[in-house]
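A.B. asks: Next up is a structure, given as structure tokens.
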Amino acid sequence: MSRFAVAAALVLAAALQIHRIDDPDTWWHLATGRAIWTTGAVPRVDAFSFTAAGAPWLNRQWLFELLLYGTWVLAGPSGPILLAGAGFLVAFAVLAAGARRRLPGWATGALAIATVVLAVERFTVRPEAATMAFLATGIYLVDGAVTWRRALGLIGLQIVWANCHALSLLGLVPIAAALAGGVLAQRLPRTAGWHPADRRDRAELHRLTAALGGGMVAECLTPFGVQGALYPLYLLSLIGGQQRVSFTIVEHR
């Protein structure tokens, strides 16, 4: 019964990926991937907008766009849909695997179904499909003993993620949270409220510190360097939608 509940959640997540390309952003992501494919270079200025042609462009999702166009070449419209769908499915499969460590099967299934329903609006062919998969994987890796292999895995994950979506900055959050929780667990008295996974020795805290530092460096390992790493912080200033250029962007509203 427990396995059925988890399987049902993943089947629901997979079923919700079956739809047409219905997000207008998908087309310029594909067009950008085609431009990278044909020119062999990541565009640094806007080549698509009539009113902003030639404006600087920090395209942090260039790698996802290249993969997206590659799937289009291989499988037509089904390719990008399958690529994004795989990203979302991986995210929820990893979420369920992580939750299963601490919850019974029925509760894991209920949690997974609830998150699938809440996230369904974002099941579009966009770079955030990669972000959800990477974020879930990062959380899974820090929720447990962090060996050097895991620490290096977190850094490698961050390098790829940094070139797939500007929200890769989120990957530093679970690492920092695990590090802070480990430090607090060492300093505060042992109580029933602490989970065994929070009891990290000094060597593990050093590995988490290395993973966090490596993740910060990874944010700069894009074609846009430090400027690209700081770009998500600039985007945060647009969230309110007060600026005219961002007023119509639904995420900012």
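The values are calculated or read from the model by the stated rules, or taken from the named source; none is laboratory data. Please read these numbers as outputs of a predicted model, since none were measured by experiment. Ideal geometry is used to build each Cβ from the backbone, glycine not excepted, and the neighbour counts take in all protein chains shown. We work out accessible area using only protein heavy atoms, side chains counted, and drop any ligands, DNA or RNA first. Shrake-Rupley method; radii C 1.70, N 1.55, O 1.52, S 1.80 Å.
A.B. asks: Name the residues in the stretch 1-52 that are within 22 Å of the chain's Cα centre (by Cα), within 30 Å of residue 96 (Cα to Cα) and of a type in the set (Ser, Thr, Tyr), would you?
C.D. replies: The one that is within 22 Å of the chain's Cα centre (by Cα), within 30 Å of residue 96 (Cα to Cα) and of a type in the set (Ser, Thr, Tyr): 26.
A.B. asks: Which ones in the stretch 68-80 are touching a residue at least 24 places away in the same chain (Cβ under 8 Å) and more than 14 Å from residue 35 (Cβ to Cβ)?
C.D. replies: If the condition is that a residue be touching a residue at least 24 places away in the same chain (Cβ under 8 Å) and more than 14 Å from residue 35 (Cβ to Cβ), then 77, 80 are the ones that fit.
A.B. asks: Within the stretch 14-36, which residues are in contact with a helix residue (DSSP H, G or I) (Cβ under 9 Å, 6 or more places away or on another chain), within 17 Å of residue 77 (Cα to Cα) and at pLDDT 95 or above?
C.D. replies: Correct list: 26, 29, 30, 31, 32, 33, 34.
A.B. asks: Which of the residues that make up the stretch 23-44 are open to solvent by less than 100 Å² (accessible area, probe 1.4 Å) and in contact (Cβ under 8 Å) with a residue 60 or more places away in the chain?
C.D. replies: 23, 25, 26, 29, 42
A.B. asks: Looking at (1) within 30 Å of residue 110 (Cβ to Cβ); (2) loosely packed, with under 13 Cβ neighbours inside 10 Å, which is the only condition residue 6 fails?
C.D. replies: (2)
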